[in-house]
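The values are calculated or read from the model by the stated rules, or taken from the named source; none is laboratory data. Since this is a predicted model, take the numbers as computed values, not measurements. Counting neighbours? That spans all protein chains shown, and the Cβs are built from the backbone with ideal geometry, glycine included. In case anyone asks, the SASA skips ligands and DNA or RNA and just uses the protein heavy atoms, side chains included. Shrake-Rupley method; radii C 1.70, N 1.55, O 1.52, S 1.80 Å.
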Amino acid sequence: MKNILILIPFLLFLLPLMAEDWLTIYNDDLSLVRSRFELELNDGRQEINYSDITSRLEPASVIVTGGGIRIAEQNYEYDLAGKWQIMAKYLDREVLVITNDQSKLAGILKFYQDGSIGIIEKGTDRLLVISEDEAQWLQLAELPENFYTKPTLHWSIIAPKKAKYPVQMTYLTGGFSWNVTYNTVWDEKSLLFNSWVTINNTSGKAFSDVNLKLIAGDVNRVYSAYYDNIRGGRLAYDAAMAKEQAAPTFEEKAFHDFHLYTLDQKVSFANNQTKQLELYPPTNIKAYSEYEYPTYAEGVKSMIKFKNTKENGAGMPLPKGIIKVYKQDSDGNLEFIGEDSIEHTSKNEEVSINTGTAFDLVASTRLKEQVQISKSITERLIQITLKNNSPDKKTIKVTHQLSPNTRIINSDYKYTQDKNDKVTFSIDIAPDKELVWTFRERSEY
């Protein structure tokens, strides 16, 4: 099916004067936009089309205040102009069809579907059905009133007098997301910690010199089928500008039950652009390595852990994200050794990074026997096999999760048990050695 040229007049929309935007980006595809601008209005009631909005705006969230004006009615127009939308709005109106052989057919448009154009010929009652492939272009007598080239708020505004009015508009929208990547370098004692915020703009609107805030935390939302239906780069970095200006930094503070990060400089976002900004300045964090084997797991996990405290060089709220770990080889080059995700982590909490499975450490779990002592008591003998195929002594933390009605009654090694009933055995194993040991647990129902 070929494209047909549709000739239509041009429509002007009201543009705001002296606009300024504030943008707060949450997790889970939610942002709050606050715009301050002026509208030049006449006295009394008038119709205004305002299109400087995102394509993911939530209409019910719009708040407009300022200058004594009143919004008597608001329509959100998001059925955007296209060939099919225009023709659907032009049914029962006069059109002119120019065919490939330059014939002119004028009449009332009755249908436009399935590759065919149906018109009642002007001056007759004949229905002409024209193949879309035979039509070179269509001419419409005038532009439909409800024609929109981009998502638009149509306002019926009442102004007390003719003047320029300062207006502030706030609304919620989708189309912005942010996440954090922590790039770290491990030297067996500490992590050189670099944190980057990556922001994606797919909102359908560009923002120039916007005041930016990020909120870390899970805000409760209530979704309906309507909002589900309307929910629908490149690295932006200028080296020359970076030399002339101080690097933008985020100021962090607690906000309600979340954490808020405010950028100390204005920033611009093109639509469909990905931008990266530094979250925290680089810092060295004291950390330690540990090998961990949860019973029945596939292998021994190589872990790097630290407590998020000022004493360790951290102590800042860490938004959820990905921690990537690198290590310097003997040739001086950094090599990637693994990555893990973290949830929102407040200060004083432990951070555990699983970098992968230890190659030279092997572990397995076997249920060696199970005995029914009585109708309500069952005992299980669990066998653990550990192998250290490396040339160095290793310590493996073997963890086993007990159910609330289960306890260990006998073990070859000492263990600790936390408040969540997780048991930990700390096992030292010499180079090129294998250890086979057991513990017995009892469940009472």
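Just a few scattered comments:
- Within this structure, A297 passes the test of being under 18 Å from I384 (Cα atoms) and of a type outside the set (D, E).
- Going through (1) closer than 24 Å to R34 by Cβ; (2) at pLDDT 85 or above; (3) surrounded by 13 or more Cβ atoms within 10 Å (Cβ to Cβ) one by one, E121 falls short only on (1).
- Listing of strands (runs of 3 or more DSSP E) fully contained in region 91-185 that carry 2 or more residues being under 28 Å from S31 (Cα atoms): 152-159, 163-173
Residue-by-condition table, conditions (1) acidic (D, E); (2) in contact with a strand residue (DSSP E or B) (Cβ under 6 Å, 6 or more places away or on another chain); (3) over 19 Å from F425 (Cβ atoms):
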position	(1), (2), (3)
S268	no, yes, yes
Y280	no, yes, yes
P317	no, yes, yes
I323	no, yes, yes
D331	yes, no, yes
F336	no, yes, yes
D340	yes, yes, yes
F359	no, no, yes
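- Any hit, region 345-356, residues being surrounded by fewer than 16 Cβ atoms within 10 Å (Cβ to Cβ), touching a Pro at 6+ places or on another chain (Cβ under 8 Å) and of a type outside the set (A, V, I, L, M, F, W, C): yes
So that you can scan it fast, the table gives a plain yes or no per residue for (1) among the hydroxyl-bearing types (S, T, Y); (2) on the phi > 0 side of the Ramachandran plot; (3) open to solvent by 30 Å² or more (accessible area, probe 1.4 Å); (4) at pLDDT 90 or above:
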site	(1), (2), (3), (4)
A242	no, no, yes, no
F250	no, no, no, no
F258	no, no, yes, no
T283	yes, no, yes, yes
Y293	yes, no, no, yes
A297	no, no, yes, yes
V300	no, no, no, yes
N308	no, no, no, yes
K320	no, no, yes, no
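- Checking each residue in region 342-380 for being at positive phi and part of a strand (DSSP E or B) picks out only G356.
- Of the candidates V210, V180, V197, the single residue that is over 16 Å from the mean Cα position of the chain (by Cα) and of a type in the set (V, I, T) is V210.
- Some residue of region 39-47 being open to solvent by 50 Å² or more (accessible area, probe 1.4 Å) and under 30 Å from R221 (Cα atoms): no
- Region 329-367, residues that are touching a Leu at 6+ places or on another chain (Cβ under 8 Å) and modelled with pLDDT of 95 or more: V351, L361, V362, A363, L367
- Whenever a residue of region 176-194 is among the aliphatic types (A, V, I, L, M), its partners that are in a loop (DSSP other than H, G, I, E, B), lying with C-beta atoms within less than 8 angstrom and at least six residues away or across chains, give the pairs V180/P319; V180/K320; L191/A287.
- Among (1) crowded, with 16+ Cβ neighbours inside 10 Å; (2) closer than 30 Å to N179 by Cα - the single one F439 does not satisfy: (2)
- The set of residues from region 193-217 being open to solvent by 70 Å² or more (accessible area, probe 1.4 Å) and farther than 17 Å from E252 by Cα comprises T202, S208, D209.
- Pairs meeting the criteria (first residue in region 40-60 and farther than 12 Å from M169 by Cβ, second residue assigned to a loop (DSSP other than H, G, I, E, B) and among the hydrophobic types (A, V, I, L, M, F, W, C), beta carbons under 6 Å, at least 6 apart or on different chains) are N49/F13; S51/F13.
- Every condition in (1) part of a strand (DSSP E or B); (2) open to solvent by 50 Å² or more (accessible area, probe 1.4 Å) is met by T399 except one, and the failing one is (2).
- Flag for L381 being modelled with pLDDT of 95 or more and loosely packed, with under 13 Cβ neighbours inside 10 Å: no
- Of all the listed residues (K393, K375), the sole one being at pLDDT below 95 and open to solvent by 50 Å² or more (accessible area, probe 1.4 Å) is K375.
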